[in-house]
Amino acid sequence: ITKSRTRDFTPAFSSTEKPDNKEAQSESGQANLFVQFIAQELLPYLISHYSVDPTKKIYAGHSYGGLLGTYILFTQPNLFDYYLIGSPSLWYGVKVMFSLEADYAKTHKDLKAKVFMATGAEEKGPDNGMVKNMLALDKHLQARRYPQLQLTTRVIPDEGHLSVYPT
């Protein structure tokens with residue numbers, strides 16, 4: 001599971017990712033292929049075979065799943081209408097997500113999405129940065145003043161990495 005999770009949820013190869021798991025590390029950085037699968041195969045299948053409202057697509061992810069949601073938000077924001085991003089691993093790849101956000105801002109004046117980001121106050125993460133990095137991303141996005149971005153960010157007291165998502 002570590003190998004596929006690292007392969008599918010990370011946006012770039014990272015030579016420092018999971019140094020204790022070289023196999024997972026070697027496969028890192030293929031989120032673009034997973035997002036392509038979601039966009040071209042999974043969502044069309046779900047919409048055609050189930051009672052799904054295609055105007056209310058919701059992404060929910062935690063940890064690496066939160067990283068993937070953030071990646072989708074900055075590369076294909078219209079893929080989902082709502083984003084629930086829990087404890088995003090924004091430290092990943094020497095904070096590559098901040099570069100992707102800056103690249104998005106260079107060519108876009110708006111970001112149409114409803115985003116809820118949260119992390120537990122007790123989360124440490126690499127460099128004790130889970131909370132710090134999420135709040136930094138919030139600050140960047142707030143400064144952009146995207147007219148159609150609805151962003152809510154929360155640090156949930158007394159919660160850690162494993163307990164915060166259900167909360």
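Couple of notes before you dig in:
- Close pairs from the stretch 62-81: first closer than 16 Å to Arg5 by Cα and buried (at least 22 other Cβ atoms within 10 Å of the Cβ), partner modelled with pLDDT of 95 or more and of a type in the set (Val, Ile, Thr), Cβ under 7 Å, at least 6 apart: Gly66/Ile85; Gly69/Ile85; Thr70/Ile85
- When Val94, Val131 are screened for being in a helix (DSSP H, G or I) and either within 20 Å of Ala143 (Cβ to Cβ) or touching a His at 6+ places or on another chain (Cβ under 6 Å) (or both), only Val131 passes.
- Selection within the stretch 112-167 - of a type in the set (D, E, K, R) and closer than 26 Å to Gln76 by Cα: Lys112, Lys114, Lys132, Asp138, Lys139, Arg144, Arg145, Arg154
- Test: residue in the stretch 85-103 that is open to solvent by 20 Å² or more (accessible area, probe 1.4 Å) and in contact with a strand residue (DSSP E or B) (Cβ under 6 Å, 6 or more places away or on another chain): no
- One residue stands out in the stretch 123-142 among those that are among the acidic types (Asp, Glu) and either touching a residue at least 40 places away in the same chain (Cβ under 8 Å) or open to solvent by less than 40 Å² (accessible area, probe 1.4 Å) (or both): the one that is farthest from Trp91 (Cα to Cα), namely Asp138.
- Residues in the stretch 143-167 that are part of a loop (DSSP other than H, G, I, E, B), within 14 Å of Pro88 (Cα to Cα) and either without any contact (Cβ under 8 Å) to a residue 40 or more places away in the chain or open to solvent by less than 40 Å² (accessible area, probe 1.4 Å) (or both): Gly160, Leu162, Val164.
- For the stretch 41-59, the criterion of a residue being on the phi > 0 side of the Ramachandran plot and not aliphatic (A, V, I, L, M) is satisfied by no position.
- Taken over the stretch 40-71, the criterion of being outside any helix (DSSP H, G or I), of a type in the set (Ser, Thr, Tyr) and under 30 Å from Gly93 (Cα atoms) is satisfied by Tyr59, Ser63.
The values are calculated or read from the model by the stated rules, or taken from the named source; none is laboratory data. Remember, it's a predicted structure, so these values are computed and weren't measured experimentally. Note that we place each Cβ from the backbone using ideal geometry, even for glycine, and neighbour counts take in every protein chain shown. Side chains included, ligands, DNA and RNA excluded: accessible areas come from the protein's heavy atoms. Shrake-Rupley method; radii C 1.70, N 1.55, O 1.52, S 1.80 Å.
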